[in-house]
Structure formats: C-alpha cells, structure tokens
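What follows is calculated from the coordinates using simple rules that are stated; it is not laboratory data. All figures in this text were calculated on a predicted structure; none of them were measured in a lab. Note that we place each Cβ from the backbone using ideal geometry, even for glycine, and neighbour counts take in every protein chain shown.
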Amino acid sequence: MPQPWLPLPVSGQNLCQDAAFKDGIWDCFRAFYVHKFRAVLGKNRLIFPGEKVLLAWSGGPSSSSMVWQVLEGLSQDSAKRLRFVPGVVYVDEGAACGRSREDRAKTLTDVRQILQTLGFPWHIVTLEEVFALPPSVLRCSAQDPVGTVGTYKVAVDSFLQQQRTLAAEGLRGSPSSAQGEEQPSQPCTQDSQDPVGPPPAAQTEALSQLFNSVKTLTAKEELLQTLRTHLILHVARTHGYSKVMTGDSCTRLAIKLMTCLALGRGAFLAWDTGFSDERHGDVVVVRPMREHTLKEVAFYNRLFAVPSVFTPAVDTKASEKASIHRLMEGFLLRLQAQFPSTVSTVYRTSEKLVKAPRDGCAAGPRCLLCMCSLDVDSADSATAFGAQTQDFSQTPPPTPRAKAGAPAGPCCAAGLGGAPNCWQGTRPCGREGSRARVLEHLCYACRVTMKDVPCLDPLPPYILVEAQLRSQRPSAEIQEHLVENSDDEAPASGSGARGPPEQEGKEARAARDCINKNFFN
Amino acid sequence: MPAPQCFSCHAARAALRRPRSGQALCGPCFCTAFEAEVLHTVLAGRLLPPGAVVAVGASGGKDSTVLAHVLRELAPQLGVSLRLVAVDEGIGGYRDAALAAVRRQAARWDLPLTVVAYADLFGGWTMDAVARSTAGTGRSRACCTFCGVLRRRALEEGARLVGATHIVTGHNADDMAETVLMNFLRGDAGRLARGGGLGSRGEGGALPRCRPLQLASQKEVVLYAHFRRLDYFSEECVYAPEAFRGHARDLLKLLEAARPSAALDLVHSAERLALAPAARPPPPGACSRCGALASRSLCQACALLDGLQRGQPRLAIGKGRGGRDKEGPPGPLPPPPSDPESAPGPAAGECGAACKERCE
C-alpha cells in the first residue's frame with residue numbers, strides 16, 4: 001500500500017499530507033508531476049510552437065515517462081495542449097552490448113508495439129548505422145539565434161492567432177477536424193523510419209570488435225554515449241527536428257554531474273547537465289525531466305501503467321566497481337540513504353554552473369567527439385593537464401632503447417598503460433601519426449577515454465575522416481600566422497588548431513608538444 | 001621475475017612503478033623526477049619568487065614532511081629561505097607526538113621552527129575543549145570545522161611572527177580531488193568558486209598561500225618519503241573518523257581503482273569549473289574585531305570563537321544563521337535554532353569540513 005504522502009526532495013514539499021488514504025491523492029500527485037514537466041518547459045521558453053521535437057526514448061522508465069507525458073500533453077484541450085510536433089527515436093545498441101540477433105529482434109518487436117500506439121512518427125535506428133554517418137555530423141552548424149522572451153511571446157501569439165483563423169475556416173466550410181495543426185490525426189507512418197531487416201553482419205561484427213577492444217567499462221560507456229549522441233543528432237538533422245528531448249531525471253543528472261566531474265569534464269558540466277545543451281548549433285538538446293526524481297518517475301509509471309521496454313545495457317551485469325559511472329551511482333545512492341538531501345544538493349549546485357561565455361560555435365577549436373570547446377592547456381603548464389603530459393623521468397642522453405628520430409626531450413610513451421609494443425619503439429610512424437592526429441582534436445576527458453582504446457582504426461570512418469580533415473585544413477592559416485609572429489621558433493605542421501591567431505599559435509604549439517611527447521599513446 | 005631496468009638511468013634495477021604512468025624507476029631516479037616536477041610546478045605557476053621567506057605549515061605528517069624536504073632541496077635553486085611553522089591544536093595524545101616529529105625534523109634539517117598554540121592564540125580554547133563543547137550538541141563532527149578555520153588563522157599568525165612572505169602547505173592531488181568532490185556533495189558553491197587554482201594570491205593583507213604538491217599524487221608522496229627515509233608521524237587525528245571528508249576519500253579510492261588518473265582528472269575539473277557570479281563569495285573586507293580577511297563583519301575564526309564563548313558552539317556553522325553578527329553580552333541566550341541539527345542533510349560549511357580543507 002503506497003504511502004499517503006511522498007516527500008519530494010527537489011521541491012521539499014510534502015504532497016497532500018492531509019489527504020490521508022483517499023484515491024484522490026493520486027490525482028494530486030499526477031497533477032503535480034505533470035505540472036513540473038510543463039513548468040520546466042514553460043519556464044525555459046526554448047520550444048517554440050509548431051517546432052519539431054525528437055524524443056530520445058531508451059525504453060527506460062524516465063524516457064518512457066517523458067514520452068507518455070508528451071502524448072498526454074498533446075491530447076489535452078487546446079488551451080493546455082503542448083504545441084510542438086514530436087517524433088520518437090529508439091536506438092538499438094545490441095551490437096555494443098553483445099546481444100544476439102534473436103534477442104535484439106525480440107526487443108524490437110516490443111518496441112514497435114509501443115511506438116505504434118503513440119501516434120507520432122518514430123525512428124528506429126541501429127547503432128551499426130554509425131558506420132554510415134557523414135563527417136559533417138561532427139561539425140557545429142550555424143546556430144539560429146535563440147529566441148528571446150520577446151520573440152517567444154510573439155511566436156506563441158502568432159501561433160494562437162493562426163489557430164483561431166484555421167478554426168474559423170474549419171467551422172465555415174471544411175469537413176475535416178477544426179484543429180488545423182500540423183500534427184496528423186493518425187499515425188504518420190510515411191515519416192517513420194524502421195529498418196526492414198537486421199543490419200549487415202559485417203557492421204555488427206565491426207561494432208562488436210570496436211567495443212571489445214576497449215579496455216575499460218568506463219571508456220566503453222563513454223564511447224557508446226558519444227556514438228549514440230552522434231546518431232541521434234544525425235536523425236534529428238536529417239528529418240528536420242530542431243530539438244531533442246532526453247529523459248534524464250534529477251537523480252540521473254546528479255549522478256551524471258559527479259561522473260563528469262570525475263572524468264575531467266568540469267569545464268562542460270553546464271552543458272552536460274543543464275536544461276539545454278546547444279553545443280551542436282542547429283539541434284538543441286533539452287532535458288524536461290530534470291526536476292523529477294527517479295522515485296517519482298517510478299511511482300508515476302507504476303500508477304499510470306506507462307509502458308517501457310527493458311533493454312540490457314553495456315554495464316547491465318557488471319560489478320559496481322567496474323566503471324566510474326557505476327561507482328558514482330552506487331556511491332550517491334548510498335550517501336542519499338544516509339543524507340536524504342544529497343541528490344537535491346548536487347542538483348542545486350549544478351544549477352549554479354554557467355556555460356563559460358562563447359560567442360557562436362566558430363570561436364575556438366572543438367572536441368572531435370563531444371563537440372565542446374577544447375579545455376586543454378599547454379603541455380608544460382602548472383595544471384593537471386600539464387602534469388599528465390610532462391615527464392621528468394628520462395635523462396637526455398639517448399640510449400638504443402629510445403625511439404629512433406625522437407626529439408631529445410622527454411618521451412613518456414612507454415609503459416603508460418598502453419600496448420606493450422610501445423616500449424620497443426618499433427611501431428610504424430604512420431599509425432602513431434594517425435593516432436596523434438585524432439588525439440590532438442580531443443578535449444581532456446575524451447583523451448583519457450581514448451587512452452583505453454588501444455587502436456583507433458576500428459572507430460567508425462566518419463570520425464577518422466573528420467580528424468584527418470581538421471589536421472590538414474588550416475595549415476595555410478598557420479603559415480600565415482607564423483610569418484606575422486616571426487619571433488616564434490619551429491614551424492608547426494599538421495596541427496589542426498583553429499581560432500583567433502594568438503590562441504591558434506599557442507594551441508598549435510601545445511598540440512605539437514603533446515604529440516611529440518607522445519603521452520596519450 | 002627480475003625487476004626491469006630503471007627507465008631513466010638504465011643502470012640500476014627498478015625499485016618501483018610510478019602509480020600514474022606505470023614507469024619502472026629506481027629509487028634515486030624517482031626522487032629526482034618527483035623533485036623536478038615540484039620545481040616545475042613552482043616555476044610554471046610562479047608560486048615562490050626569488051627572495052621569498054616561505055613559512056612551511058608543518059604538521060609532522062607525510063605531506064608537510066615531504067614538502068619541507070623537497071623545498072629544502074630546491075631552496076638554493078629557487079632562491080628562497082624556509083621557516084617551519086607548526087600548529088599545536090591541543091589534541092591530547094596526538095598532537096604532542098606529531099610535534100615531537102616536527103622538532104626532530106627541524107633539528108635534522110637545521111631549519112628554524114616556530115610553534116603556535118591554539119591555547120595561546122584563542123583564549124585557552126584547545127581542540128579538546130572545543131570538542132567537549134560541541135559534543136554537547138550531539139554532533140561532534142563539527143569540531144573539525146573549528147580546527148580547520150582556527151588552524152588557518154594560527155598559521156597566518158605564525159607566519160607573520162617569523163616574517164614570512166608566503167605560506168606553503170602540503171596538500172596533494174588527492175586532497176584537492178577529495179575537496180572538489182566534497183564541495184559538490186555538500187553544495188558549497190562558494191568554496192567551489194574559490195578553489196581550483198594552485199593557491200590564493202592573498203587578498204586584503206593575507207599572505208599568499210600555495211600548494212606546491214598539488215599535482216603530485218598521494219601515493220607518490222608516500223613513496224618519496226619512503227625512498228628518502230623521511231621520519232614522519234603517520235597516525236590519524238583522533239577526531240578524523242567523524243569527518244565528512246571520509247566519504248569523499250572512500251569515493252576517491254574507488255574511483256582510482258577504476259581509473260588510475262582519477263585524482264588528476266578531478267583536479268582538472270576543479271580548475272575548469274565555471275560558477276555563476278551570484279554563487280561566488282563576496283569580495284572580502286576586514287574583520288571588525290581582529291582585522292583579518294573576512295567576507296562578513298566578523299571573520300570565521302572570530303565568529304566561531306564567539307559562539308564558543310557564548311556557549312553556542314554551533315553559532316557560526318552553516319549558512320545564514322542568525323545571531324552571528326550580534327555582539328551581545330553573555331547571559332541567558334535562546335537555544336540555537338534546531339533546524340540543521342535535526343535535518344538529515346549536510347548543509348554547507350557544516351558536517352565536519354575536515355581540517356585539511358580549510359588550511360588553504
């Protein structure tokens with residue numbers, strides 16, 4: 001028998017304490033729950049009427065709850081109806097988790113069953129499709145100016161005006177429904193995307209190989225998340241969605257914040273855990289479930305029979321100590337049991353983070369994988385990054401063991417938890433070069449993740465191609481820069497830094513130093 | 001299986017593997033590398049200019065012992081002179097033994113030592129007395145909060161006594177990593193905004209403080225102490241088990257098992273945090289009582305001592321507590337507001353901020 005009242009940590013309110021054991025209590029809860037969802041959307045005023053919004057559904061409880069709320073929100077009477085145009089995307093990640101074809105097909109049947117009842121266009125994509133992604137998915141598109149409050153109000157007013165006009169016309173003559181919205185009244189299957197059969201075995205094999213080669217579960221989770229994000233971004237761009245909604249709950253976001261902190265993503269916390277994430281430019285990721293705790297989600301889903309599909313993930317059977325993600329989750333939930341305000345405290349602190357000012361996405365080079373502005377320092381700075389790249393263990397006189405052709409400075413390639421063949425220095429230059437070419441475009445955290453990926457060749461081609469393009473592209477600019485600042489020594493070649501000239505030179509030098517020292521090998 | 005050759009000198013057999021990089025090194029080469037890295041941190045971070053008189057906060061523990069030893073080796077190169085400053089908090093059975101270790105070090109290294117005691121500086125309040133006072137309220141964790149704040153003040157006093165221009169403390173990367181974890185878990189946005197760098201420049205008359213060992217991992221500090229055969233005091237403070245930092249420490253241990261570079265990754269995150277201006281602490285002024293750096297009318301140390309004197313030891317702990325700025329006469333006072341006592345969650349500034357965190 002459920003409790004008569006629910007302590008809701010985020011808001012601190014105790015709901016309906018005096019309602020005792022009435023059935024109406026659950027209406028109260030439902031109203032509050034839905035209200036939170038609408039309030040988060042309304043407060044932020046980022047989703048314009050008529051906008052196409054892609055709902056990223058993982059099958060899990062939070063995203064299922066989100067999809068359900070959108071469904072309910074669209075079917076309400078016109079005053080309270082949600083005004084955007086939704087679609088749903090589901091990513092089948094079975095290949096990365098080592099699931100069999102039969103299991104995946106079974107899950108997809110369940111998934112389809114639920115999607116068909118929703119009535120909006122759906123997109124089922126398999127993770128194998130990353131092998132077909134274009135390199136342009138990694139580029140930040142020009143951003144449409146984010147609407148100000150004034151613009152939002154204007155847009156809403158004009159939308160409502162449009163509705164009224166259409167309704168009036170409908171009453172006059174047209175026999176069709178008076179709604180006049182873009183949303184179709186029946187399932188729009190021609191817009192839906194569903195793979196006809198299982199993906200090509202070669203691609204599944206390639207994906208399995210990639211994930212099996214990753215040495216730690218932490219790196220696997222990070223890589224999976226990166227690829228999934230790129231895939232969803234691509235689906236959104238292809239089908240004209242300008243927003244993506246993810247179902248991250250308050251609890252999930254608190255865990256995510258602490259995890260990102262531990263992974264070295266302190267610079268990007270506001271994007272990783274805030275309400276909106278506009279790092280991609282044209283497609284903005286929003287998190288409308290961020291004020292709902294997992295407990296509330298579970299209650300709601302149970303009470304209102306929200307359908308969901310359990311899909312095993314990469315870490316489903318792993319021990320708690322296997323990855324930073326799992327560790328942090330376990331730690332926070334345990335601490336929460338002892339100090340019940342832990343999650344809400346972390347969440348409230350996350351609200352105080354700001355996105356460090358950046359005008360547009362052209363300023364400063366961006367990470368190849370996570371698309372945040374690079375947060376690396378120069379290789380010899382007195383910072384954590386500098387500490388990882390410098391090494392004072394080797395004295396200058398080279399011995400036969402030192403790499404042929406290596407610079408006289410310190411070389412810390414060997415024994416860094418990398419492949420044993422690093423020691424011998426017999427690795428062909430080309431392979432080293434291509435690895436360095438990818439690493440120099442990554443932020444600190446992505447570099448640490450890639451340390452656990454011994455060979456970058458199994459990565460999907462779009463990543464390698466884009467890395468190559470970035471390495472080659474601005475050399476003309478660098479040449480120009482070096483002529484102007486002739487007091488700098490040693491020309492850089494093949495470094496892919498972009499951005500304003502002073503920073504560019506420094507970045508190029510830093511990138512070159514980092515590669516020469518071969519740290520993250 | 002015989003040990004591999006030292007990666008650096010290729011002459012001796014390796015005696016250890018560096019925790020972070022896995023490199024195999026012999027003892028002397030490791031110590032050389034460690035010292036070179038600390039030197040680099042000090043130079044690249046411009047922490048100690050030539051001619052500085054550096055007060056080393058010496059507790060007798062491994063971090064400050066290693067710090068003092070390394071700085072002593074590097075002092076000629078840096079052009080600085082060193083003074084040891086030890087703080088006697090008056091914790092029976094613990095501090096006396098630690099101070100004995102500091103005295104031995106000072107004698108061995110021939111460095112001037114000054115000991116400042118809480119009892120002298122703070123009107124007879126030793127940590128044991130504070131603990132007795134706060135224990136009455138049922139939450140003895142709070143004594144760590146006192147110790148941290150008071151120790152910082154005591155160090156500052158001691159540094160002034162010896163005419164120092166800079167203060168250094170032995171915080172290592174693990175300490176900084178624990179601090180950032182702890183500040184997030186407790187929602188201490190103010191401290192998050194302040195932290196992250198290698199130290200503070202010293203605003204408003206306070207001496208600049210820095211942490212040359214900030215980028216060195218704790219394991220390496222212990223290894224260095226081992227190979228240089230340093231004599232230090234290794235027991236834990238008797239009040240430490242109750243501090244909140246213990247949770248962060250446990251978490252860090254787990255994280256390092258999953259990813260060896262976790263401490264440095266956290267330090268990197270801390271360096272790059274961007275907090276809203278509203279969350280940052282207000283620009284500091286001067287304490288109306290003692291003139292030290294303070295963000296309110298009374299500095300934290302004076303406020304805490306005030307509370308102790310008035311029999312309200314929890315007066316200045318936690319945010320926004322009433323009665324803090326009032327300098328009323330002692331007498332029957334209303335009992336302290338009971339809200340944080342009964343609430344289960346940790347509030348900022350409360351819950352035993354373990355001493356190390358404040359000493360910066």
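The slack in the chain from A:Ala318 to A:Arg112, taken as 0.36 nm per residue of separation less the alpha-carbon distance, amounts to 71.3 nm. Rounded to the nearest whole Hz, the Karplus-based 3J(HN,Hα) values (6.51 cos²θ - 1.76 cosθ + 1.60, θ = phi - 60°) of the range B:285-294 follow the sequence x, 10, 5, 6, 9, 10, x, 7, 4, 8, with x at glycine and proline.
Okay, which of the range B:180-198 sit inside 20 Å, backbone N to the point 7 Å along the Cα-Cβ direction of B:Ala276? In the range B:180-198, the label zone of B:Ala276 (backbone N under 20 Å from the point 7 Å along Cα→Cβ) covers B:183-195. For the range B:2-93, trypsin sites (Lys or Arg not before Pro) are listed when DSSP marks them as loop and at most 12 other Cβ atoms sit within 10 Å of their Cβ; the list is B:Arg46. Net charge dipole, the range B:1-135: roughly 440 debye, given to the nearest 20, about the Cα centre with Cβ charges of +1 for Lys and Arg and -1 for Asp and Glu. Rounded to the nearest 20 debye, the dipole size of the range B:59-189 about its Cα centre is 160 debye, using +1 on the Cβ of Lys and Arg and -1 on the Cβ of Asp and Glu. For the residue pairs A:Lys153/A:Lys243; A:Lys36/A:Lys153; A:Lys352/B:Lys253, alpha carbon separations beyond 25 Å are given by A:Lys352/B:Lys253.
Peptide B:39-45 has a mean shielding of 4, counted as Cβ atoms of other protein chains within 10 Å of each residue's Cβ. Placing a label point 7 Å from the Cα of A:Val154 along the Cα-to-Cβ direction, the residues of the range A:24-63 whose backbone N falls under 20 Å from that point are A:44-52.
Near B:Ala86, the amide H atoms lying under 5 Å from its own belong to B:Ala58, B:Thr114, B:Val115, B:Val116; only residues 5 or more places off or on other chains count, and H is placed 1.01 Å from N. Between A:Ala39 and B:Ala129, the FRET efficiency from the beta-carbon distance, with R0 = 51 Å, is close to 0.50. Residues whose amide H comes within less than 5 Å of that of A:Asp92, counting only those at least five positions distant or on another chain, are A:Val125, A:Thr126, A:Leu127 (H built at 1.01 Å from N in the peptide plane). Summarising the amide proton neighbourhood of A:Ser341: residues at separation of 5 or more, or on other chains, whose placed amide H is nearer than 5 Å comprise B:Gly345.
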